[in-house]
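To keep things clear, I will list the structure first and then write my remarks on it.
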Amino acid sequence: MGQFFYNLSPDTFTPANLQLEPVGYLLAPNNATPQLTGLARRVRAAGLGLLADNGNFTVIGQVRAALSEAAAALHAQVDAVEDRLGRSVRPGELPDRLQADYFELSVRARELARQLAGDGEASLAGQLALDPTYLIGVEDITAACWLALDLERSHTGRRRRDWRRMNTAVARRAAERIDRLPERLRERYYPVACAESYNTAWDAGQVFADHGLTPIAMGFGAFMADANYTDHVFIGRRRIDFPGRLPNRYTRTVLVARGFWDGYRSAAGTTPQGFHFLGLGAPIMLPLVALAADNDTALSFDATSPIKDALRDGVLYVTKPAYLKIRIRKSAGWLASDLRRTWDCPCPFCTAFAEQFPFDYPVGHAWRTAHPDQDPTAADLRPGGALYDAYPLFSEPPSGPRRDAVDHARIGHNHWALETILTAIRESRGHDTLRAHVQAVVAAYTPTTSPPFAEAVTNGLRFATADIESSP
Ligand SMILES: [Zn+2]
């Protein structure tokens, strides 16, 4: 279990990337330029998987852009209430007027989402035209838009049943759709569930199981993009309090995965055969959700983050000493601080790049001697900067062949790191082995990060493995 679909682009469909034997590529019809459509044909000709996305990610971004100002104005009022309370607001605690404004904004978001996304499968013809081997299916993007706008249930006063209704409608449409698909796609059609917590995910799992659906997808990009903090979560009616406010992203991501599997199992008596995590590519999260899921489910992931992170002034993923995203500038400073340090990544991308553009460690060390207390700046890594030729992999050429080489190497490297992480998951067969593996991953990770993030990830591990009593 555990496969990563690469976002299709000229940066990811390269001979070097193909040597990693990717399971396949993802492309949405609304992004399919003639160039990408041509690449998609080559993906198929190479016998690789092609996952046709439904393109809703773009639409969610449009809804968010249209309403983000209104949402931010409301959020400032929540901040004021939370500052007064000294803790996160709980359901029913916002002033009535503010909750009513929040509810109204959630209605506007839902209406705009329906207006822009249509019936949730508006791009189906375009998807099929790509001749895919897998399809991301029908979706109601309302819940994803709410998340993108921070319209939490504790703010809008919305009930759990709103998500159940949306999931029921989607599951019903998906069940009807499957019968009308080309036969080869019927077991490769991933309708998209939605959730914002353990409880709503539990309901989603139950609803999708009741409709006999598997495989299934769910959007996780919005969970990971969430910059908010909370000091509690609900599992069933039980409120679990944290020692302080912790970043939502880690705990919610794990709880939603856990809730979905628990709900699905309760209804089907078994686990879904396949599950795709849309927009999840954070190194530390892959093992955690794999543990929250189930060894018997074929898990897959996609994300643009390993590409976006690799670009200018970005971050590189490492697996040693822990599963980390390390800012490139910081890596330059780290290397410069000790002449014995080298960038010894064994991946084919770093290796090939360094052959063409070797590191010149003594130059970096000399820079450090001259700047003992200073981190490298962006200018240091640009042409003419002191570290531009010391660390070509970390350098930022404005354009030209060296820019292309830098981008290709870093993008390839980040995907290689994810492949390494997924291989380790696949090799940890059986729940106990996987649990021991993920415990070791978290133990290595927590000392490297700030206390709230360490605590959030530790909670994630706890939620992935806790005994949660039957139906919440
Ligand atoms: Zn590398």
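The values are calculated or read from the model by the stated rules, or taken from the named source; none is laboratory data. Please read these numbers as outputs of a predicted model, since none were measured by experiment. In this analysis, Cβ positions are derived from the backbone assuming ideal geometry, glycine residues included, and neighbour counts consider all displayed protein chains. These area figures cover heavy atoms from the full protein model, side chains too; ligands, DNA and RNA do not enter into them. Shrake-Rupley method; radii C 1.70, N 1.55, O 1.52, S 1.80 Å.
From (1) surrounded by 19 or more Cβ atoms within 10 Å (Cβ to Cβ); (2) more than 15 Å from the ligand (Cβ to nearest atom), pick out the condition that doesn't hold for Trp334.
Of the numbered conditions (1) surrounded by 19 or more Cβ atoms within 10 Å (Cβ to Cβ); (2) more than 15 Å from the ligand (Cβ to nearest atom), the odd one out for Trp334 is (1).
Please go through the stretch 83-98 and pick out each residue that is part of a helix (DSSP H, G or I) and either touching a residue at least 60 places away in the same chain (Cβ under 8 Å) or surrounded by fewer than 15 Cβ atoms within 10 Å (Cβ to Cβ) (or both).
Asp83, Arg84, Leu85, Asp96, Arg97
Is one or more of the residues making up the stretch 300-323 open to solvent by less than 60 Å² (accessible area, probe 1.4 Å), acidic (Asp, Glu) and closer than 17 Å to Gln3 by Cα?
Yes; the residues of the stretch 300-323 include at least one that is open to solvent by less than 60 Å² (accessible area, probe 1.4 Å), acidic (Asp, Glu) and closer than 17 Å to Gln3 by Cα.
For the subset of the stretch 140-161 comprising residues that are more than 18 Å from the chain's Cα centre (by Cα) and of a type in the set (Val, Ile, Thr), which member is nearest to Glu196 (Cα to Cα)?
Thr142
Might you check whether a residue that is of a type in the set (A, V, I, L, M, F, W, C) and in a strand (DSSP E or B) occurs anywhere in the stretch 255-274?
No, the stretch 255-274 contains no residue that is of a type in the set (A, V, I, L, M, F, W, C) and in a strand (DSSP E or B).
Residue under question is Arg410, and the condition is that it be within 16 Å of the ligand (Cβ to nearest atom) and either within 22 Å of Ala303 (Cα to Cα) or touching a helix residue (DSSP H, G or I) at 6+ places or on another chain (Cβ under 6 Å) (or both); does it hold?
Judged against the criteria, Arg410 is a match.
List the residue pairs whose Cβ atoms are under 8 Å apart, where the first residue sits in the stretch 288-311 and is within 28 Å of Asp11 (Cα to Cα), the second is modelled with pLDDT of 95 or more and among the acidic types (Asp, Glu), and the two are 6 or more positions apart or on different chains.
Asp302/Asp53; Ala310/Asp407; Leu311/Asp407
For Phe13, state whether it is closer than 30 Å to Pro287 by Cβ, part of a strand (DSSP E or B) and open to solvent by less than 30 Å² (accessible area, probe 1.4 Å).
The answer is no for Phe13.
Within the stretch 393-407, can one find any residue that is open to solvent by 30 Å² or more (accessible area, probe 1.4 Å) and of a type in the set (Phe, Trp, Tyr)?
No, the stretch 393-407 contains no residue that is open to solvent by 30 Å² or more (accessible area, probe 1.4 Å) and of a type in the set (Phe, Trp, Tyr).
Inspect the stretch 364-378 for any residue being within 15 Å of the ligand (Cβ to nearest atom) and either touching a residue at least 24 places away in the same chain (Cβ under 8 Å) or open to solvent by 50 Å² or more (accessible area, probe 1.4 Å) (or both) and give the result as yes or no.
No, there is no match, as no residue in the stretch 364-378 is within 15 Å of the ligand (Cβ to nearest atom) and either touching a residue at least 24 places away in the same chain (Cβ under 8 Å) or open to solvent by 50 Å² or more (accessible area, probe 1.4 Å) (or both).
To keep it simple, each residue is scored yes or no on (1) touching a strand residue (DSSP E or B) at 6+ places or on another chain (Cβ under 7 Å); (2) surrounded by 24 or more Cβ atoms within 10 Å (Cβ to Cβ); (3) on the phi < 0 side of the Ramachandran plot.
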residue	(1), (2), (3)
Arg184	no, no, yes
Arg188	yes, no, yes
Ala193	yes, yes, yes
Asn199	yes, no, yes
Asp226	no, no, yes
Val233	yes, no, yes
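State whether one or more residues within the stretch 63-82 are under 30 Å from Trp146 (Cβ atoms), of a type in the set (Asp, Glu) and exposed (fewer than 15 other Cβ atoms within 10 Å of the Cβ).
Within the stretch 63-82, one or more residues are under 30 Å from Trp146 (Cβ atoms), of a type in the set (Asp, Glu) and exposed (fewer than 15 other Cβ atoms within 10 Å of the Cβ).
When Pro451 is evaluated against the numbered criteria (1) under 25 Å from Ala303 (Cα atoms); (2) surrounded by fewer than 22 Cβ atoms within 10 Å (Cβ to Cβ), which criterion, by number, is the only one it fails?
Only one criterion in (1) under 25 Å from Ala303 (Cα atoms); (2) surrounded by fewer than 22 Cβ atoms within 10 Å (Cβ to Cβ) is unmet by Pro451, namely (1).
Restricting the search to the stretch 8-42, which residues are over 11 Å from Leu130 (Cα atoms), more than 20 Å from the chain's Cα centre (by Cα) and aliphatic (A, V, I, L, M)?
Across the stretch 8-42, the qualifying residues are Ala16, Leu18, Leu20.
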